[in-house]
Each structure stands twice: as structure tokens, then as C-alpha cells.
1. How many angstrom lie between the C-alpha centres of the range B:1-80 and the range B:369-417?
2. Nearest-5 percent of antiparallel DSSP beta bridges in the protein assembly as shown?
3. Taking R0 as 35 Å, what FRET efficiency do you get between residue A:127 and residue B:21 from their Cβ-Cβ distance, rounded to the nearest 0.05?
4. Could you sort B:229-239, B:389-399, B:206-216, A:16-26 so that the peptide with the highest average Cβ count within 10 Å comes first and the rest follow in order?
5. Taking the simple approach of a point 7 Å from Cα along Cα-to-Cβ for both residue A:6 and residue B:233, what is their distance in nm?
6. Shielding of B:227-239 by partners, i.e. mean partner chain Cβ atoms within 10 Å per residue?
7. Go ahead and set up a Gaussian network model of chain B, Cα springs under 10 Å, then flag whichever of B:169, B:378, B:280 fluctuates most.
8. Quick one: work out the % antiparallel among DSSP beta bridges in chain B, nearest 5.
């Protein structure tokens with residue numbers, strides 16, 4: 001009998017309910033349960049508004065859950081938020097950099113504020129500057145950098161304190177193809193280093209390429225969870241896009257070949273695959 | 001609360017701030033240079049205008065001459081270099097129309113008083129235009145000339161009757177100013193420094209409070225900050241201390257710059273005049289000013305940050321705080337009431353109390369019990385604002401910027417719903 005590795009992220013019946021003036025109570029996250037392990041890229045796949053970002057915000061303790069529980073590296077997100085945040089790095093399109101700091105100052109700040117051992121900060125900053133090829137512009141102000149340079153600094157600041165768990169929430173939104181590919185490459189490297197990575201996206205090709213296991217989220221619920229092969233086997237579909245639609249149709253009670261749409265049913269979400277959305281790394285369909 | 005993290009966050013805020021032109025200009029350059037330059041320009045301008053006014057020759061017409069026995073008064077008028085008597089007395093002329101048209105500065109009528117106990121007695125009517133500076137000056141010159149003539153005439157008449165000045169005066173009122181040039185300097189400094197200190201502390205807090213709240217949202221760095229391992233309390237404390245410290249620095253830099261400029265600019269301008277002033281401040285006033293600046297900075301920072309935190313952009317933040325900034329001017333005017341000292345009642349007027357406390361201290365008046373009440377009351381207000389901020393921070397829609405509205409709407413819909 002082999003030892004099962006201990007999960008780095010445990011989510012159990014996690015819920016988040018908002019009150020919206022026009023819609024009343026909205027169950028943004030409705031009883032999610034999953035676990036993630038070291039060296040794994042765990043993908044959360046869902047349309048916009050499916051509850052992915054809310055889930056990740058709860059895991060990063062930006063939001064408080066209204067029900068259920070979750071822990072990161074054994075720290076409860078409700079009772080030990082600082083310890084949780086110290087154990088993870090959070091990257092998303094909405095987490096910008098301080099424009100008036102230099103690239104080096106930015107990395108230095110995030111290394112220190114996240115509790116990296118003080119005596120090792122300089123070496124860590126130098127290591128990250130070297131790793132991401134930032135040295136040429138390390139003393140340049142962030143607001144003067146190109147978007148590609150900013151992206152590198154952003155990734156460097158996310159992993160500055162060497163956290164065991166990393167959250168990437170729609171990390172390629174707004175990036176051009178080259179930068180999106182660079183992002184995918186970095187995620188693979190981090191996985192190889194044994195990091196646990198929660199990767200949220202609505203871009204099928206990225207999820208197909210990167211994720212060891214995929215959780216399909218729709219209307220705050222986890223519709224399916226497993227490796228790509230597991231999901232293919234369970235649905236009889238080959239392309240992830242079709243797998244995704246299969247589960248969503250099932251959840252919506254839509255029979256056979258009926259179209260899901262006009263996506264209003266997915267809370268105005270958009271699911272992209274096979275390179276259908278311009279400017280995104282949606283590349284080629286899965287073979 | 002982790003003070004090490006607060007230190008890291010504070011340094012990050014400060015480093016960013018010192019690279020922002022608006023903050024450097026408002027918090028450092030204006031306090032140091034703006035008001036001393038303004039003061040210098042004001043005094044120089046006043047002196048210049050005064051010189052121009054004094055150089056004016058008053059154009060005066062005499063509508064009717066004095067009685068012949070007092071013709072000398074007219075000679076005195078004519079003898080002056082700064083008075084030009086246009087037209088001869090008794091000549092026809094529409095003098096009042098010329099005065100109204102600005103062609104003349106004053107029209108003088110010597111009017112005999114027939115039947116008066118004193119033979120050849122007369123009165124002088126001066127027509128002038130009060131709306132015109134040079135006309136007011138002409139009236140003043142004529143009044144002085146007539147007054148000097150009267151004094152000389154009365155003295156001469158008294159001497160001819162062997163009356164001494166004491167006989168003639170019988171009793172006299174003399175005034176003696178017991179205040180020293182230092183006292184007057186302290187009065188002026190008390191009014192000016194207390195006013196500018198409060199304004200500068202508020203101005204020093206103004207831009208940083210917006211930059212660290214609304215600016216953070218506008219730049220999308222708010223969520224980045226929410227995901228670092230520092231606690232919310234540490235993050236907010238660092239931001240608060242950063243805003244307050246810039247307010248204190250702005251206030252104290254302004255005081256130092258004003259002191260230097262008063263000595264270097266105003267004193268030389270007044271030297272040699274009757275208004276010679278010595279600018280000194282009692283040593284004990286320094287800690288009172290510092291305590292006042294700190295209390296005010298804590299108050300302004302808390303109030304401005306709470307309001308600006310609801311803004312989505314720097315521009316919105318400015319719109320939300322600007323009315324509060326202007327409101328500050330109302331209680332400050334209490335500092336101008338030099339005959340009202342700090343008391344229990346005035347110690348409970350926010351901002352006005354600190355203004356009066358600083359003004360009194362500069363003037364050497366230390367009412368310690370009311371100083372204590374002032375500081376305690378201001379710090380109590382700060383505590384109330386911090387408790388309010390703590391309540392607001394509990395709302396996630398506020399934290400994530402999902403709430404769309406001002407503080408007042410938030411208070412109505414969420415806090416006191």
C-alpha cells in the first residue's frame with residue numbers, strides 16, 4: 001500500500017452567497033469540494049461568472065466563505081488567514097503592480113512582506129531577477145515597462161516568498177500569444193518544482209495542456225472532477241470543449257444536440273476553445 | 001498587529017509617494033516655498049502700492065476760501081509738494097462734477113461761521129470719493145494740514161495770553177503701549193502660524209489619503225495587497241500612519257519655513273518703521289504645536305481616508321474630499337478671535353480648538369487644562385473615526401470595490417440600515 005500524499009489544499013462543501021439588489025440571494029459558490037496535491041496543476045474550468053474567481057478569492061482569504069471550510073497547507077482559511085496567505089501566491093489579471101516602484105523594489109517588497117527570512121531576501125531577489133531575465137530593467141519603474149516585462153515581474157512577485165501553493169486566476173487574459181505561452185511555460189516549471197497550482201481558466205486549450213486534473217464548475221457547483229482522460233471516458237467526448245458542454249447541458253437539463261445559448265444561461269459567460277477568441281492563447285484544438 | 005510588516009508597508013507607501021509629483025508638490029514644496037514666497041510677494045506688493053499711493057499728488061480744488069484772518073491755512077495747503085491746488089479760490093467751476101469724474105481728488109470749502117463766539121472762526125468741508133484710494137488719501141492730507149494749522153494757531157493764541165500748554169489742555173489722555181515688539185510679533189505669529197499649520201496639515205493629508213485608497217483601486221493594486229500575508233489591520237495601520245506622517249511633515253515644514261521667512265522677509269521690511277516687530281516663539285510652544293499637528297494629522301487622515309476609500313478613481317476621491325477640505329476653514333477662523341482664549345466650550349470645537357491652542361501657545365498663553373481637553377477631545381474623535389473605519393472594513397463589497405456609491409450612501413444603506 002503506497003502512502004497517499006497529504007493534500008496541500010482541501011476544500012469541503014465551500015459556499016459563498018451574495019445578496020444582489022436585483023437578483024436577491026446569489027449562490028456564487030455552492031458546495032464545492034476538492035483537494036489538490038504537491039506537484040499538481042489543478043484546473044478550474046468554467047464560464048465567466050461560474051464561481052471560479054470567487055472560489056479562488058476565498059482560498060486566498062480575500063473573501064470569507066458563508067459555508068463549508070477550506071485549508072491551505074493545513075491552515076484554515078477562516079481562522080488563520082495570514083498563515084494561509086503566507087503559504088500561497090496569487091496571480092490574476094486584477095492583481096496589478098505598483099507603478100512607481102522599480103522591478104527590483106517590487107520583488108523585494110513582496111518577498112519581505114510575505115515573511116521570507118530577512119537575511120535571505122537579497123539572495124532571493126537576485127535569484128528571481130536572474131530566473132526571469134529581469135536584470136536589464138530591474139531598476140526601471142514598473143509603469144515604464146512593456147506588458148511582457150510587467151508580466152515577468154508579476155510572476156516573480158507571486159512566487160517571491162517561495163510559497164508551496166500558487167493560484168493563477170485567468171492568468172492569460174489580455175496577454176498576447178507569446179506572453180501567454182511564456183505563462184504556460186512558467187506554470188510547467190513551477191509544477192516541476194513540486195508546487196501545487198490552482199489554475200482557473202475558461203480557455204480550453206490551456207487547461208488541456210496544463211492541468212493534471214480538471215474541475216468543471218458551473219453556477220457555483222462542481223459538475224465533474226478528474227483527469228482529462230477520466231472526463232473523456234465518462235462522457236465519451238474527445239475535445240475538452242465537448243466534455244465541458246456535455247456536463248453543462250446535463251446540469252441545465254438540456255437534451256441531446258440542443259445548443260446551450262445564447263450563453264445567457266451561463267450567466268453571460270463565454271467559453272472559448274479551439275482558438276475561437278481573438279488574442280487568447282486558444283491555439284490549436286486538442287489532437 | 002505585526003510592526004515589522006507595518007514598517008515594510010509604510011516604507012513602500014512612502015517610496016511610492018516620494019515619486020509622485022503631486023504629493024511632493026503639495027506635501028513638501030508648497031509648505032516650504034509657497035507661503036514664504038507668497039508672504040514676501042504680499043509685503044513687497046503692499047509696500048510697492050503704498051509707495052505709489054504716497055507718491056500721488058493730491059489734486060485739490062478750493063471752492064470757497066477761508067476767512068482772511070486764516071488765509072495761512074490755504075498757504076499751508078499750497079506749500080505742500082504732495083498737494084496741487086487747482087483753480088483759484090472763488091473761481092467758478094463745477095468742482096463736484098470734476099471730483100465725480102475723477103479729475104479731482106478732493107474739493108475743499110472753507111465756511112465762515114458768522115455769529116460764532118470766536119471771530120473769524122470757520123469750518124472746513126472736504127468732499128472726496130471714498131471709493132478711490134487717491135481721493136481718500138487727499139482727504140486725509142487736507143485733514144492733517146487743517147489739524148496742524150489749528151494746533152499751531154491755538155498754541156500761538158495761548159502763548160499770546162500767557163497760557164501754558166498745561167493750562168490749555170487742563171486734562172489730557174495719553175496712551176502707552178505696554179506691549180513689546182516681541183508681543184506684537186507673537187500676536188501676528190499666533191494668528192498666521194496657527195492658521196497655516198492647520199491648513200498645511202490638511203493639505204499634507206489630502207493627496208496621500210486619496211492616493212493610498214482610491215488610487216490603489218484605480219491602479220488595481222488593491223487586490224494585490226489583499227493577498228499578501230500581512231493582516232488587514234497591519235495594511236490599514238501602515239496606510240494611516242503614512243498619510244498622517246505626511247500631514248505632520250507638511251505642517252511642521254510650513255511652520256519652519258514661515259518662521260524663517262517672517263524673520264528674513266517681514267522683519268527687514270518693517271525695520272526702521274514704527275511697526276518694528278520681533279518674531280520669537282516661547283520654547284514651550286514647540287511641543288504644543290507638535291502635539292496639535294499630530295492630533296490634527298491623525299484626525300484629517302482618518303476622515304479623509306474613510307471618504308476617499310469609497311472612490312473608484314483619484315478624480316472621484318478629490319471630488320469627495322474637497323468639500324471637507326474647505327469646511328476646515330470655518331473653525332480655523334476662531335484663531336482670528338484674539339480676544340477669545342481657549343476654554344471648555346471652545347476646546348470642544350473640532351479643528352478650531354487646536355487652532356486656538358496653538359495660537360495661545362505662540363502668544364505665551366498656556367491653559368494646560370484646556371490644552372489637555374483639546375487634545376483628548378481630538379483624539380476621541382480620531383478613535384471614533386477609527387472604529388467607524390473598522391466597521392466599514394468588515395464589508396466585503398467595500399473591500400473589493402463592489403459597492404458603488406459614496407460614504408454617505410454606504411452609511412445609510414449598510415452601516416445604519
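Since every read-out is calculated from the coordinates, none of them should be taken as a lab result. It should be emphasised that the depicted structure is a prediction, and the values quoted were computed from it without experimental measurement. So basically every Cβ, Gly included, is an ideal-geometry build from the backbone, and we count neighbours across all protein chains shown.
1. Comparing the Cα centres of the range B:1-80 and the range B:369-417, I get a distance of 39 Å.
2. Percentage antiparallel, nearest 5: 50.
3. 0.55
4. B:206-216, B:229-239, B:389-399, A:16-26
5. A separation of 2.8 nm, rounded to one decimal place.
6. Mean partner shielding for this stretch: 5.
7. Result for chain B, Cα springs under 10 Å: B:169 fluctuates most.
8. Details: 7 of 15 bridges.
The answer is about 45 percent antiparallel.
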